[in-house]
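The structure appears right after this line, and notes come after that.
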Amino acid sequence: MAQLGTSKPITLYDVTLGDGHPNICIPILGSNAAEVLANADTALSSKPDLVEWRLDHLTDLRQKNLDRILVQLRRIFEGIPLLVTFRSKAEGGQRTLDLAGYTNLLTRVIVSGLADLVDVELFSGAAPQLIETAHKNEVLVVCSNHDFQQTPNEEELLSRMERMCAMGCDIPKIAVMPQSNRDVLTLLSATARMHARHPGLPIITMSMGSMGAVSRISGALFGSAVTFGSSGSASAPGQIPAKQLREILALLDCN
């Protein structure tokens, strides 16, 4: 559980999250093994700092298929942190699982020993249990919340991130949809305040859509540890191609 003022950056392989350096994560999509692995090869060519495999795009979620793909992804991304996510439809994903199905799926990923991090949705109903299971298996947890309709007020954003920390997650993540440029400022201000409360804690925040794209570029200046860039199909609105994103970060001297 994150404690005020005592949180520290996390290092996985050669990647450190929470040290002020903006790391680029590339999502990997695909409905079957062939598509996932082809997209993985494309993502690798973009030199990601970490990658996210989105399970909600996969048609066959049986253990044999999961393990087969995970083993190959682990080989492709040797030395690169692998985050595994099932994004529910309510939070922008492709499909929905009931509580038991969601819990079982992520538990299977955790105990496989093939993922470095798992994404657990704050409002899934399974967060405390999955966080405990992940930590027992030495897997880190990104606790997330995505609002594709609006941007909650600043205090609510902070409250949600603090709730994630209270549950014991390693990395709180918030993604929201702006309805005005002021909403983008709200997200960035909440990020800065959370970073000030928990120096060194890796947090991930973003404002989505074209209006929020600036947050994907400048988030690190406010304390966000990871920005998501695409290497093909974007997994969320407003994602910038990873190659361009890296060039922009270099121009801004965020890299």
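When the stretch 25-47 is examined, which residues are found to be free of Cβ contacts under 8 Å to residues at least 60 places away in the same chain and open to solvent by 50 Å² or more (accessible area, probe 1.4 Å)?
If the condition is that a residue be free of Cβ contacts under 8 Å to residues at least 60 places away in the same chain and open to solvent by 50 Å² or more (accessible area, probe 1.4 Å), then 32, 34, 35, 38, 41, 44 are the ones that fit.
Taking the stretch 17-42 on its own, how many of its residues are within 19 Å of residue 61 (Cβ to Cβ) and either touching a Pro at 6+ places or on another chain (Cβ under 6 Å) or among the small types (Gly, Ala, Ser) (or both)?
Summing the residues that are within 19 Å of residue 61 (Cβ to Cβ) and either touching a Pro at 6+ places or on another chain (Cβ under 6 Å) or among the small types (Gly, Ala, Ser) (or both) in the stretch 17-42 gives 5.
Residues being more than 19 Å from residue 27 (Cβ to Cβ), in contact with a Gly (Cβ under 7 Å, 6 or more places away or on another chain) and surrounded by 14 or more Cβ atoms within 10 Å (Cβ to Cβ): count how many of those fall in the stretch 72-112.
So the count comes out to 0.
Determine the pairs where a residue that is of a type in the set (Gly, Ala, Ser), located within the stretch 57-86, has a partner that is outside any loop (DSSP other than H, G, I, E, B) with Cβ atoms under 7 Å apart, the partner being 6 or more residues away or on another chain.
none
Of all residues in the stretch 79-91, which are in contact with a helix residue (DSSP H, G or I) (Cβ under 9 Å, 6 or more places away or on another chain) and of a type outside the set (A, V, I, L, M)?
85, 86, 87, 88, 89, 91
Here are the criteria: (1) within 29 Å of residue 66 (Cβ to Cβ); (2) open to solvent by 40 Å² or more (accessible area, probe 1.4 Å); (3) not hydroxyl-bearing (Ser, Thr, Tyr). Tell me which single one residue 127 does not satisfy.
That leaves (2) as the condition not met.
Within the stretch 62-69, identify whether any single residue is modelled with pLDDT of 95 or more and closer than 20 Å to residue 141 by Cβ, and answer yes or no.
Yes, the conditions are met somewhere in the stretch 62-69.
Being out of contact with any Gly (no Cβ under 8 Å at 6 or more places or on another chain), at pLDDT 95 or above and open to solvent by 40 Å² or more (accessible area, probe 1.4 Å): is that true of residue 118 here?
So residue 118 does not fit the description; no.
Of the conditions (1) among the hydrophobic types (A, V, I, L, M, F, W, C); (2) free of Cβ contacts under 8 Å to residues at least 60 places away in the same chain; (3) open to solvent by 40 Å² or more (accessible area, probe 1.4 Å), residue 139 satisfies every one except a single condition; which number is it?
Checking residue 139 against (1) among the hydrophobic types (A, V, I, L, M, F, W, C); (2) free of Cβ contacts under 8 Å to residues at least 60 places away in the same chain; (3) open to solvent by 40 Å² or more (accessible area, probe 1.4 Å), the one that fails is (3).
Whether any residue in the stretch 8-24 is touching a helix residue (DSSP H, G or I) at 6+ places or on another chain (Cβ under 7 Å), surrounded by 18 or more Cβ atoms within 10 Å (Cβ to Cβ) and at pLDDT below 95 is what I want to check.
Yes, because at least one residue in the stretch 8-24 is touching a helix residue (DSSP H, G or I) at 6+ places or on another chain (Cβ under 7 Å), surrounded by 18 or more Cβ atoms within 10 Å (Cβ to Cβ) and at pLDDT below 95.
Being of a type outside the set (Gly, Ala, Ser) and in contact with a Phe, Trp or Tyr (Cβ under 9 Å, 6 or more places away or on another chain): is that true of residue 174 here?
Spelling it out, it is not the case that residue 174 is of a type outside the set (Gly, Ala, Ser) and in contact with a Phe, Trp or Tyr (Cβ under 9 Å, 6 or more places away or on another chain).
The values are calculated or read from the model by the stated rules, or taken from the named source; none is laboratory data. Since the model is a prediction, treat every value here as computed from it, not as a measurement. Glycine gets a Cβ as well: all are built from the backbone with ideal geometry, and neighbour counts include every protein chain shown. To get the accessible areas, we keep the full protein, side chains included, count just its heavy atoms, and leave off ligands, DNA and RNA. Shrake-Rupley method; radii C 1.70, N 1.55, O 1.52, S 1.80 Å.
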